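What follows is a set of notes on a single structure, which appears directly below.
Values in this text are rule-based calculations from the coordinates and carry no lab data. Since this is a predicted model, take the numbers as computed values, not measurements. FYI the Cβ positions are ideal-geometry reconstructions off the backbone, even for glycines, and counts take in every protein chain you see.
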Amino acid sequence: AHHCRRAVGLSIALLSLVIFSSYAFVQPQHKYHRTQTSSLCMSSTITITHQIHQATLANKDDIIDRPTAQQLVTNILCPPNEEQSRTNAGTEAFGQDTHAKVITKDDPRNEYTYGEFPFDSFDLLVDLAAGYADETMTQEETDGKRKKMIDVGSGSGRLALYAGLTRSDWDVTGIEIGHQLHSLAVGSLQRGISEDLFKPIDDNNTSGEEAQISFYNGNVLPGIDPYFQNTLCDNDTVQSILSEANLLFAYSTVFETDSLQSFNPALGAMVLSSKWSQTLASTCQNGVVAVTTDRILNPDHGWKLLDRMDVDNPSVWGSVGYISVLQK
């Protein structure tokens, strides 16, 4: 029996060592941990304990200034040592092609890749758009109802988490089609809960007055996607969420352009494909304000360009943000 206990103890110790070595993304200085991680190669999967995809600010009376929120997201929720994992997750649509051949700039799967938009540029564009959104919202929409912001293609949740920390009067939802990126977003939200930045939504602590941050894995565009046929969230739920939005944000710099008119000379801008412009116009409510980057939503589908702004974006040597409103 003594030898058995030693053998069991040794087995447990070895098992613990193996498990510990697999925690690729653990930050020892923070309370967050995950039950299982992988190197996020093309075939990897991520498992997170109790997948919480909705939360509120832990203390809605605490005001988190924007520089502090940027540091919290950059150093705790989405730390630099995980950047390569986020980039790898953004190549999920390519499968093994990332190793087999050169990816060309006209490959339609480029839409699914991952990029990190600067916080300050996000603030400039969203603040500008929010002013227009306030003007378009009806009295019925503002009475007793919270404003709703959607990050279309939210990736690892970096901007949505930041918006949730800094804009307590908005409900912020991130919608991402990629399974791996969505899992990273949910993991970062769980980390924020562990760090007492957020608290999970349940029947005991949720009210209509509390700011909400949510992540959904689904397709913004209805129908079957050629690369992500089996999303984790019912796409009907995603369409319902979009239909209630007051403000959309899309880091659309690599989104597909319109096949008939990729450039609008009158507006001096690249034009998003009809699958984006027409679909969002049919799904969203009249008066919704949208922020897109380096491409405009097509006016032929009811989108009126309100404003534009040049903003910093080092990854592409600067971007132009376009503010449009839907007029059905």
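Computed on the Cα atoms alone, the convex hull of the stretch 282-327 gives a volume of 68 cubic angstrom per residue. Put a dot 7 Å past the Cα of Ala266, heading toward its Cβ, do the same for Gln71, and the two dots end up 4.9 nm apart. Packing here is the average count of other Cβ atoms within 10 Å per residue, and on that basis the peptides 284-291, 315-322, highest first, run 284-291, 315-322.
Quick one: which of Lys147/Lys275; Lys60/Lys304; Lys105/Lys328; Lys147/Lys304; Lys145/Lys304; Lys199/Lys304 span more than 30 angstrom between C-alpha atoms? Beyond 30 Å between Cα atoms: Lys60/Lys304; Lys105/Lys328; Lys199/Lys304.
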